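To start, the structure itself, in structure tokens.
The values are calculated or read from the model by the stated rules, or taken from the named source; none is laboratory data. Because the structure is a prediction, the values reported are computed rather than measured. Positions of Cβ are backbone-derived with ideal geometry, glycine not excepted, and every protein chain shown enters the neighbour counts. Only protein heavy atoms, including side chains, enter the accessible area calculation; ligands, DNA and RNA are left aside. Shrake-Rupley method; radii C 1.70, N 1.55, O 1.52, S 1.80 Å.
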Amino acid sequence: MTQGRRPHPRPHPGRHPRPHPRPQQRQGPPPRRRPRRRPRRPVAALRGTSLVRLRIGLILIAMIVSVFAARLFQLQGVDAAAYVAKAEAQGGVMESITLPAERGAILDRNGEPLAESVDGLMLIADPTLTRDDASEIATIIARRLSVDYFDLLDRLRRPDTRFQYLARRVPSTVAREVLQELDAKGYSGVSSQRDPVRDYPAKDVASNLVGFMNAEGDAAEGAELMFDQTLHGVDGSATYELGAGNRLPLGENDTVVPQSGQDVTLTIDRDVQWYTQRVLRTAVQGSGGESGSAVVMDTRSGELLAVADYPTYDANGPTLSPESDLGARALRDAYEPGSVNKVLTAASLIDSGLVSPDTKITVPPSLPRPGAAPLKDYFPHGRLRLTMTGVIAKSSNIGTVLAARQMRERPYYKYLRAFGLGQPTGLGFDGESAGVLPRVKDWGTLTKDTVSFGQGVAVSAVQMAAAINTVANGGVYVQPSLVKGRLTTSAGIEVGSDTATRHRVVSEDAARKTAEMMEAVTDLDEGTAPGAAIPGYRVAGKTGTAQRVGPNGGYDGTFTVSFAGFAPADDPRFMVYVVVQNPSNGGGGGSVGGPAFRKVMTHLLQKYAVPPTGSVAPKPVVEW
């Protein structure tokens, strides 16, 4: 037995030996345990749950819709009559609002606006909201818009209505300023709606032809009135029923959409019209005249390029001018034309073969007339030996009467009627004068004598311009026109350049010879109107000076002076006629009308690039 060693113990009989313990391991975080999965539900079970929820939602929606449907059925079907009766008992009223149509524009021949509609507003009030502050609101609006205060006060307090017009066609900027002022002061109940405003961008240019709209929004003059039905269009409306101060949902409600008006195009050239008006104003003011008119016509078509009056007015403010200035004098005023009428007399005599430009006429210092004072010329003279050309060039009344006595009254009357005297031109213009041409059965020697040199007969400026234009147009009268194309007036008259009629008055040869005689009038040495001559161009013209008829029916000692002419004389393109009433500087047709004619005609020839013909006017033979 070895000492120092402990014997190994033996295992106990019947027991298993205990195993040796393992070395202790280093401990870390406990291992992560996997979650236990729930058992999956079948797909069919999920689908069944969604369908249940959908059905419940549909049932709820159906219940809500059913409630509204039942209420709607009650209102419209079961209880409709009761609600209407209740509304009527509470004072249901009908309100109707005009929805204004946009008015068509009035344009010149080049499409430039002479009248147009621009943005505007109407001021309207709800009297249920304005009643307590009516006085203050009326004060502001009356001051800003020049509307009658007491009328506004009445409208702002009107019972049984929630709609009242306060002002119509107010410029947008002005209307908004008024509304801003009312809002700043805490006043409610005033609002605005669209309401187009009529504007005249050219101001006084062609205002005598275009016309204007009055304060009530109605056409008052000129083309505005002449073509009102075409321009106006068709207004719309909005109608609804009010009860107890509110719109009734079951009441009558109706809206008619407005239809805009059509545009109207005139034959006027805005630039020519502007220039002609300025020249006319200078002529009237420079001569100390009372008023004047000027007409520019396209010789071949008869279209009126300018019809000017002075004094005139700004169509944007017609109430600022005298009523006498608001019409078209060139169309409405009738006056005795004086010596311009000698052109018609000479053309008639030449066409009849009774005279020629070289016919010799002995002109005495005065001419005795039965039942009247001896006839004298405007210039004193002894016995003159004038040709027919000289009679026109010197504007001799005596020479004209002696020549006209070769023609009987009836054929002479027919010629004057064919030239358009004694009847409207057919422009369709409201109030156009027909002039005065005595009935031929009332004629005697004295009547024919005075008519031959332009007294005892009356014309309008446009009427006389069209007559002289007949000579420029080769003896064919062409009806003047103010509208491009074809249009029907509010009076049912069809007018326009496409409807203009033509008829021959004198032969082409007679017209040419008459034009050559008229060239002598502007001759620097022989004529009465050398101031009407245009360098480089052949110009035909005729002066006119006539006594004016006063209120008592007799001549009052004042005069009408005028000048009518065309150029180029041998190939006419334009005709210009200038008339001045009662010049106080002693000037006549040559010194007052001639220079004005020259300015306007020069402008036309340059603007439309009309070249000189290059021919030379024959030297007139005025004496024999």
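Worth a mention:
- Any chance R439 is free of Cβ contacts under 8 Å to residues at least 24 places away in the same chain, surrounded by fewer than 22 Cβ atoms within 10 Å (Cβ to Cβ) and out of contact with any Pro (no Cβ under 7 Å at 6 or more places or on another chain): yes
- Every residue from the range 421-464 that is of a type in the set (A, V, I, L, M, F, W, C), out of contact with any Phe, Trp or Tyr (no Cβ under 6 Å at 6 or more places or on another chain) and more than 19 Å from K542 (Cα to Cα): L427, F429, A434, V436, L437, W443, L446
- Residue list for the range 178-187, restricted to those being within 27 Å of M213 (Cβ to Cβ) and in contact with a helix residue (DSSP H, G or I) (Cβ under 7 Å, 6 or more places away or on another chain): V178, E181, L182
- For the range 173-214, a residue qualifies if it is in contact (Cβ under 8 Å) with a residue 60 or more places away in the chain and open to solvent by 60 Å² or more (accessible area, probe 1.4 Å), and the qualifying residues are R194, K203.
- Qualifying position, being part of a helix (DSSP H, G or I), open to solvent by less than 50 Å² (accessible area, probe 1.4 Å) and in contact (Cβ under 8 Å) with a residue 12 or more places away in the chain, among S348, S433: S348
- Remark: pairs (first residue in the range 450-479, over 19 Å from L331 (Cα atoms); second residue part of a helix (DSSP H, G or I) and charged (D, E, K, R); Cβ separation under 6 Å; 6+ apart in sequence or on different chains) = F453/K342; G474/E508; G475/E508.
- The number of residues in the range 352-368 being over 25 Å from P618 (Cβ atoms) and open to solvent by 40 Å² or more (accessible area, probe 1.4 Å) comes to 3.
- Pair list, Cβ under 7 Å, 6 or more apart: the range 517-529 residue without any contact (Cβ under 8 Å) to a residue 12 or more places away in the chain and among the aromatic types (F, W, Y), other residue outside any loop (DSSP other than H, G, I, E, B) and open to solvent by less than 10 Å² (accessible area, probe 1.4 Å): none
- Residue list for the range 585-612, filter: loosely packed, with under 14 Cβ neighbours inside 10 Å and at pLDDT below 95: N585, G586
- In the range 316-333, the residues that are within 26 Å of R169 (Cα to Cα) form Cβ pairs under 8 Å with partners that are open to solvent by 70 Å² or more (accessible area, probe 1.4 Å), at six or more places apart or across chains, as follows: N316/K203; T319/A215.
Here is a yes/no grid of residues against (1) farther than 30 Å from I493 by Cα; (2) in a loop (DSSP other than H, G, I, E, B); (3) free of Cβ contacts under 8 Å to residues at least 40 places away in the same chain:
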position: T400; (1), (2), (3): yes, no, no
position: Y413; (1), (2), (3): no, no, yes
position: L421; (1), (2), (3): no, yes, no
position: G426; (1), (2), (3): no, yes, no
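- In the set A372, A403, A393, only one residue is closer than 26 Å to R439 by Cα and open to solvent by less than 10 Å² (accessible area, probe 1.4 Å); that residue is A403.
- Within the range 127-156, being in a helix (DSSP H, G or I) and among the small types (G, A, S) holds for A134, S135, A138, A142.
- When residues of the range 486-496 are limited to those that are out of contact with any Phe, Trp or Tyr (no Cβ under 7 Å at 6 or more places or on another chain) and open to solvent by less than 20 Å² (accessible area, probe 1.4 Å), the one farthest from M518 (Cα to Cα): V495
- Unique match (being surrounded by 10 or more Cβ atoms within 10 Å (Cβ to Cβ) and modelled with pLDDT of 80 or more) among A115, A89: A115
- Residue pairs whose Cβ atoms lie under 9 Å apart, separated by 6 or more positions or on different chains, with the first residue in the range 302-314 and under 19 Å from Q479 (Cα atoms) and the second assigned to a loop (DSSP other than H, G, I, E, B) and open to solvent by 10 Å² or more (accessible area, probe 1.4 Å), are G302/N473; G302/Q479; G302/A500; E303/R109; E303/K484; E303/A500; L305/R109.
- Contact annotation: residue pairs with Cβ atoms under 8 Å, 6 or more positions apart or on different chains, pairing a residue in the range 544-569 that is farther than 17 Å from V295 by Cβ with a partner that is assigned to a strand (DSSP E or B) and of a type in the set (K, R), are Y555/R548; D556/R548; T558/R548; F559/R548.
- Residues in the range 544-568 that are touching a helix residue (DSSP H, G or I) at 6+ places or on another chain (Cβ under 9 Å) and open to solvent by 10 Å² or more (accessible area, probe 1.4 Å): T545, Q547, F559.
- Set D271, D298: member being open to solvent by less than 50 Å² (accessible area, probe 1.4 Å), modelled with pLDDT of 95 or more and among the acidic types (D, E): D298
- Boolean, V506 is of a type in the set (A, V, I, L, M), part of a loop (DSSP other than H, G, I, E, B) and crowded, with 23+ Cβ neighbours inside 10 Å: yes
- Test: T265 is part of a loop (DSSP other than H, G, I, E, B) and β-branched (V, I, T): no
Matching residues to (1) in contact with a strand residue (DSSP E or B) (Cβ under 6 Å, 6 or more places away or on another chain); (2) at positive phi; (3) part of a helix (DSSP H, G or I):
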| site | (1), (2), (3) |
| --- | --- |
| R158 | yes, no, no |
| L166 | yes, no, no |
| V170 | yes, no, no |
| A175 | yes, no, yes |
| L179 | no, no, yes |
| D183 | no, no, yes |
| G186 | no, yes, no |
| Q193 | yes, no, no |
